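Here's the structure we're looking at; comments come further down.
The values are calculated or read from the model by the stated rules, or taken from the named source; none is laboratory data. From a predicted model like this one, the values you see are computed outputs, not experimental measurements. Positions of Cβ are generated from backbone atoms using ideal geometry, with glycine treated the same way; all protein chains shown enter the neighbour counts. All accessible areas refer to the heavy atoms of the entire protein, side chains included, with ligands and DNA or RNA removed. Shrake-Rupley method; radii C 1.70, N 1.55, O 1.52, S 1.80 Å.
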Amino acid sequence: MILRQSLGEDRFPIDVERLALEWTPVIDRDAPVTRVSERPLDGCDGALVDGRRRGNGWGIAYSDAIRHPGRRRFTVAHELGHFLVHRHLAPDGGFRCRPEDMATWDHERSPQEAEANRFAARLLMPLDDFRQQVPPRARVSLTELGRLAEERYGVSLTACVLQWLGLTERRAVLVASRDGYVLWGKSSTPALRSGAFFRTRGRAPVEVPTASPVATGTSDAPPEGVSHPAGVWFSGEPVVEEMIVSDRYDLGLSLLHLEDRIRNFEQGEEEDLDTLDLMERRLNR
């Protein structure tokens, strides 16, 4: 596997800067990433800079205002995702990514930023390792996911929750909101297939339920979450809501745990090939 080959068995948290410098010449030997550096980036968290006209290849920059190591790591991985997936579509000069781009996971709203975030999550939290840490049927809390994000992967809690939603066999939904309205929702596959999801694009704004701690802006919700009866978040569905507050991105984030159900669909192994998977296969041929 590419990460084991480059970084060894004891590879967490991933040294993404080293990975970018060592492996992009394999992907594009004529114009790889030649530098990763901290820069003053006005209004941006990160940038993929096109230096090919000066013979410098590509550069990845992250803002000197970012102090948290996990956020820096995720920003570099995000820009590496742009290099691997979108460099041929880059506007003049490359990509400049704002803080809200790092919080964008809605593919319909911003496909390139959502794809770069998904790539970063898969790179920093590889599927095989994540499944070993959190079995697909396990009911995990935000506290447990936060510990995994901080101590093993060196990423944000939000990124870790979204990775878990993509792998879990339990019914759960993450909802991002601002000023009392839902911005986007991400459902686990079992939740999506059972009808527990939010449509936001091209629709009237959906209000956050008044019973939700996010609606009132409170930060003292109990760590085990708030139990809501049916009809608060979903009609006919009681939920347990855990809350995340992201001051940097001005977002309220609610993780909604729904009751388990006997599924009426076949459970298959859904190994969709992302860019990292394809890169590994190509390198291992």
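Put +1 on the Cβ of every Lys and Arg and -1 on every Asp and Glu Cβ in the chain; which of Leu157, Ser235, Thr34 then has its Cα farthest towards the positive end of the dipole? Sorting the options by dipole projection puts first Thr34.
The structure-derived value of percent of Cα pairs over 28 Å apart appears in the list [x] 52; [y] 39; [z] 30 under the label [y]. Annotation: per residue accessible area for the range 16-115 equals 49 Å², rounded to a whole number [probe 1.4 Å, protein chains only]. By accessible area, using a 1.4 Å probe on protein heavy atoms only, the chain has 45% of its surface on carbon and sulfur.
For the chain, with a Gaussian network of springs between Cα atoms less than 10 Å apart, report the residue from Asp250, Asp92, Asp179 with the top mean-square fluctuation. Top of the fluctuation ranking is Asp92. The residues neighbouring Phe197, those whose beta-carbon lies less than 11 Å from its own, together hold a net charge of +4 under the Lys/Arg +1, Asp/Glu -1 convention. Among the GluC sites (Glu not before Pro) within the range 84-129, those in coil by DSSP and having at most 16 neighbouring Cβ atoms inside 10 Å are Glu108. The angle between the Cα long axis of helix 69-86 and the longest principal axis of the Cα atoms of the chain comes to about 70 degrees, rounded to the nearest 10. Estimated purely from DSSP H runs of n ≥ 4, each contributing -39500 (n - 2.57), the mean residue ellipticity at 222 nm for the chain is -9500 deg cm²/dmol once divided by its residues. Restricting the range 132-196 to trypsin sites (Lys or Arg not before Pro) that sit in a DSSP loop and have at most 14 other Cβ atoms within 10 Å of their own Cβ leaves Arg137, Arg139.
Comparing Ala211, Ala149, Ala121 in a Gaussian network model of the chain where C-alpha atoms under 10 Å apart are linked, the largest mean-square fluctuation is found at Ala211.
If only the Cβ of Lys and Arg carry +1 and only the Cβ of Asp and Glu carry -1, the dipole of the chain around its Cα centre is close to 560 debye. Let me check I've understood the local charge: for Val49, count other residues with C-beta under 12 angstrom from its C-beta, Lys and Arg +1, Asp and Glu -1. What total comes out? Local net charge: +4.
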